[in-house]
């Protein structure tokens, strides 16, 4: 009799383990369905604005400046979306040696929703129009369909020469934005 009881207990344990396994396997598609989808889009931005406020750094090298500025423009996404673009930034520049920038960018869509991210960049070289920069950013907030957005941006930027539409010149940036929505 004892051996039958042991076999019954073993059978019960086997059934419990099989039930746990079956519940786990059946729950996997449900968990996957609730998982956030990662999206990556490319964005091209053309921005312009008044010249930044620039101040020499006191008691430092004569080619060391700090400043603050603001740019506005348009962001065009690789999936066809367009957004009004604005950023506010500060920079620390040693003319001919280094340029470090940081700031906040907001992209607002026609429906009033927006995405905001914080970023940092550094000069990686020069071209005929000035510094060429590379940077990274982190999304800090979104509204409307972007509520709860999380993600990062990698970008490069450069100055554009003056043209009839923007006689004081402009800047352009190309970015890759990777994000998830809840």
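So if the hydrodynamic radius of region 84-131 is defined as the Kirkwood radius over C-alpha pairs, what does Stokes-Einstein give as its diffusion coefficient at 4 °C and 1.567 mPa s, in µm² per second?
Values: Rh = 12.4 Å.
In µm²/s, the coefficient rounds to 104.
Would you mind calculating the gained length between residue 126 and residue 176 on full extension (0.36 nm times residue separation, minus the Cα-Cα distance), in nm to one decimal? If you can, show how the numbers build up before the last one.
Numbers: separation 50, 0.36 × 50 = 18.00 nm, distance 2.17 nm.
15.8 nm is the gain from fully extending residue 126 to residue 176.
What residues from region 156-182 fall in the zone where the backbone N is under 18 Å from a label point 7 Å along the Cα-to-C-beta line of residue 136?
Under 18 Å, as judged by backbone N against the label point of residue 136, lie 156-157, 174-180 of region 156-182.
Along the Cα-to-Cβ line of residue 147, 7 Å from the Cα, sits a label point; which residues in region 95-139 have backbone N less than 17 Å from it?
Those under the cut-off are 109, 111-116.
Need one number: nm distance between label points at residue 77 and residue 61, each 7 Å from Cα along Cα→Cβ, rounded to one decimal.
Here the answer is 4.2 nm between the modelled labels.
Distance from a point 7 Å along Cα→Cβ of residue 156 to each backbone N in region 163-182: keep the residues under 11 Å and list them by number.
174-175
Just the Cα atoms of region 38-180, one point each, no solvent: what log10 I(q)/I(0) does Debye give at q = 0.10, 0.13 Å⁻¹?
-0.35, -0.58
Every number in this text was worked out from the coordinates using simple rules, so none of it is lab data. Because the structure is a prediction, the values reported are computed rather than measured. Here the Cβ is made from the backbone with ideal geometry for all residues, glycine too, and neighbour counts use every protein chain on show.
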